[in-house]
Every structure is written in structure tokens, then in C-alpha cells.
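A.B. asks: Just passing along the structure, written as C-alpha cells.
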Amino acid sequence: MTKKISLLSIYSLHLELLKGGKKIGDGTGFIYLHQKSKKKFLITNYHVLTCRDPKEPARLLHGYPDSPDEIIFYMPSRPTYEPKPGSIKIDAESKWFEHRRRSDGVDIVAIPIDFPGDAAVLTQDQLPLVEDIDLEVGSNLFVIGFPWGFSAGDYYPIWKKGTVASEPLFKPNGLSKFYIDAYTHPGMSGSPVFAAEWRNLVEVDKNTHDSMQMYEQGKINIDELLDKVNLPSSGKTFSKQFFRLIGIYSGRVASGKNDPNVGIVWQRILIDELFTDPVIVQHPYPPIVVT
């Protein structure tokens, strides 16, 4: 079987946060297609975009001198797929989509974005994803991002494996989030999170594959399918890992001086709600302009 680079590795984007041309931090983001408008947005955390707590935006996060005035992102370019930088300027006129419950801590934003002319823009609908992976306590997952800004080969993200650590159906404080057991680090905030599941498959010929698709589409009945299929008695089986986009990572749980090693994932439904129940805001605490 031919080996190739996973599209999920290309999906995660490294974000560099700048103030006055100096780097002040790292983050992760990804491009999300709004199905109705067909517009593409950069998705990341509120605290990555502003370096501020979504519950208390007047307060800068510890260690940051100000909100960033520019975010540099890196995308693959055609035809070589080498990384090329793009830029988002941030000032008093900047606007974005945030969640209606941002003040309750929902740490997600959607930012309008212009892409470099030769960018290979990858959105969630172009990924080889499935929707039938059950999400439950103990489910395997991957957080794909850039810990401390670190990457493989100066571009590809790091896959951090973890498990679902709380009941996904339970909504802490009425919010669609759950906790994960994963060894994550700063710089991974804003990473897409994927549930993962290995499945055993059987290799079939093209005629059998096409016939099964026709059956699923209701074009032939079961008797016609059985007449057409050609499953060898010793059909070749193989294992393949499948993925489902389940949400966005936004850092670790803070508990005073104690670190429970638990991360936070906001569920994907909240990303969709940015567009179905839109709240468009202008930067409430823009970066200080130094002249």
C-alpha cells in the first residue's frame, strides 16, 4: 500500500503572534468552511487571537506585554507544497466571529482571512473524515498542533495522542466541552482535535465496489448485488485508521498550583454556532499603537 503524508498534518496551521515585529507567542489554527456562505475562516482560540481571557478580556494573560498586532500563519503553496507565510493585521478596526457565550469561557473565534495567492487552502470538508466514530469516555484522540511552536521539518505539526477523560454528554456549566487526558503544551491552543479508530477492511475489485455503492444508493436490490459481487474466499484484509473532527483544543485546566494534566476541548457544534448564531465583534482591547 502506498504511503503518503496525512492531509490532517497539512490541516493544522502554525500561528506566530507578533507585537511590534517581535514574537510574543505561538498558537495553532485551522481553516473552516462555512457551508452556507462558502466563505473560509481561520479558527483558533479567543485567547490566542487576543492574549486575553475570554471570561475577562480586560485582563492580559500572564507573560504577555499586549495583544498581538499581527499573526503570521504558514500554509502549503502550490505546486511544491512548501510552507509560505500569510499575515493577519490586528488593530482597533479588526472584527471576528465569537461565540454568544464567550463571557462564560467559550474560547473560539472565526477570523476572516486573505490567503497568499498560491496557497493550497485545505478545509474540513476536504479531509478524509467519517462521522460514525462514537465519542465516549476512553475514546482515542489526537490533538494536532505546535507545542511551544515546535514542528517537524519546520512545518508539519506534532500529533499528541490522548483519550477522552470526561463524559462527552455531560456539559460542565452547561457548555459543550469535555476534558482530555493528553500531555499537551502551550502553542497547541487552537489545535483541531480528532477522534481516531482503527478498522479492519476487505479489499475488493472495482466491479464489486461499484455494485456496493449502487446498492447503498438504492439503484439495485440485494439479489442484484449478490449477483454482481466477487468476494474471494480469502479476501485480502487490512487495517486503516479513521478520523472524526470533534472539536478544538484550548489549553489545560488551571487549579491553583496543582496541575491535573487535563486539557479542554470545545465541541465542534460550538464552531458551527459561530455562524448559525453569529456574534460579530470589533476588537474591545486593541494592541497599543507605538509611534
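Laboratory data are not the source of any read-out in this text; all were calculated from the coordinates shown. This one's a predicted model, so the numbers in the text were calculated from it and none came from an experiment. Note that each Cβ is placed from the backbone with ideal geometry, even for glycine, and that neighbours are counted across all protein chains shown.
A.B. asks: Using a cut-off of under 19 Å, list every residue of region 23-41 whose amide N is near the label point 7 Å from the Cα of Phe115 along the Cα-to-beta-carbon line.
C.D. replies: 28-41
A.B. asks: While we're on this one: By counting other Cβ atoms within 10 Å of each Cβ, how are Tyr249, Tyr156, Tyr81 ranked from fewest to most?
C.D. replies: Details: Tyr249 27, Tyr156 18, Tyr81 13.
Least to most surrounded, the residues fall as Tyr81, Tyr156, Tyr249.
A.B. asks: Just want to confirm a number: the relative contact order over region 74-179, from Cα pairs under 8 angstrom separated by 6+ residues, in percent.
C.D. replies: Reported as a whole number, the value is 20 percent.
A.B. asks: Can you give me the relative contact order of the chain as a percent, contacts being Cα pairs under 8 Å and 6 or more apart?
C.D. replies: Taking the mean separation of contacting Cα pairs over the length of the chain, I get 22 percent.
A.B. asks: Averaging over every viewing direction, what projected area does the convex hull of the Cα atoms of the chain cover, in nm²?
C.D. replies: 18.7 nm²
A.B. asks: Counting other beta carbons within 10 Å of each residue's own, what order do His47, His283 fall into, fewest first?
C.D. replies: His283, His47
A.B. asks: Another question, if that's okay. Normalised by the number of residues in region 13-124, what is the relative contact order in percent for Cα pairs under 8 Å and 6+ residues apart? Could you put the intermediate results ahead of the total?
C.D. replies: On the way: 222 pairs, mean separation 32.0, N = 112.
It rounds to 29 percent for region 13-124.
A.B. asks: With unit charges on the beta carbons (Lys and Arg positive, Asp and Glu negative) and the dipole taken about the Cα centre of the chain, which residue among Pro186, Val262, Ile108 sits farthest to the positive side?
C.D. replies: So the residue furthest toward the plus end is Pro186.
A.B. asks: Could you name the lysines in cross-link range of Lys89, using Cα to Cα under 24 Å and dropping any fewer than eight places away on the same chain?
C.D. replies: Result set, ordered by chain and number: Lys19, Lys22, Lys23, Lys38, Lys39, Lys40, Lys55.
A.B. asks: Here is a follow-up. Mind checking the dipole of the chain: about its Cα centre, +1 per Lys or Arg Cβ, -1 per Asp or Glu Cβ, Debye to the nearest 20? Display every interim value, and only then the final one.
C.D. replies: Details: 33 positive and 35 negative charges, 106 e Å.
It comes to approximately 500 debye.
A.B. asks: Please give the helix 206-216 orientation as an angle from the longest Cα principal axis of the chain, in degrees from 0 to 90, rounded to the nearest 10.
C.D. replies: Taking Cα atoms only, the helix is inclined about 70 degrees.
A.B. asks: While we're here: If Rh is defined by the Kirkwood formula over all Cα pairs and Rg also comes from Cα, what ratio Rg/Rh do you get for region 169-254?
C.D. replies: Looking at region 169-254, the ratio lands at 1.23.
A.B. asks: What is the distance in Å between the Cα centroid of region 238-279 and that of region 3-24?
C.D. replies: When both Cα centres are located, 18 Å separates them.
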